[in-house]
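The values are calculated or read from the model by the stated rules, or taken from the named source; none is laboratory data. Remember, predicted model here, so these are calculated numbers, not experimental data. Each accessible area value is taken on the protein alone, full model and side chains, heavy atoms only, with ligands, DNA and RNA left out. Shrake-Rupley method; radii C 1.70, N 1.55, O 1.52, S 1.80 Å.
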Amino acid sequence: MNSTLHHCTLTDEPTLTVNPQSSVFTGDTVTLSCDVGQSTGWTIHWRKDSNPESTDAATKTIKSVSVSDGGNYWCKAQRGEYYSKFSNTAEIRVK
């Protein structure tokens with residue numbers, strides 16, 4: 001029996017948005033959203049600076065932000081063996 005491996009491809013990288021988009025103050029709530037476009041079946045991987053984050057949901061909410069939460073965030077999507085590119089960078093600046 002012949003089996004053919006098909007790879008599904010995303011035409012782009014995921015889109016990462018942060019709300020609020022301006023600088024935030026300690027104690028504020030920040031929401032990061034990773035939009036894959038086709039939202040079903042994907043596992044989301046997050047990175048902050050160069051460190052993997054534990055959340056695998058498409059939305060990451062940081063409640064009561066501290067200065068240590070500031071930095072650059074990225075996400076990428078995985079379905080089975082396929083990984084998307086990393087998203088654009090979202091920078092969080094905490095004041």
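Rounded to a whole number, what % of the accessible area of the chain do carbon and sulfur atoms account for, probe 1.4 Å?
Numbers: 2860 of 6250 Å².
Whole-percent figure for carbon plus sulfur exposure: 46.
Here the Debye sum runs over all C-alpha atoms of the range 32-89 as equal scatterers in vacuum, and log10 of I(q)/I(0) at q = 0.12 Å⁻¹ comes out as -0.28. Cα centroids of the range 60-95 and the range 13-30: 10 Å apart.
The mean accessible area for residues of the chain, using a 1.4 Å probe and ignoring ligands and nucleic acids, is 66 Å² per residue.
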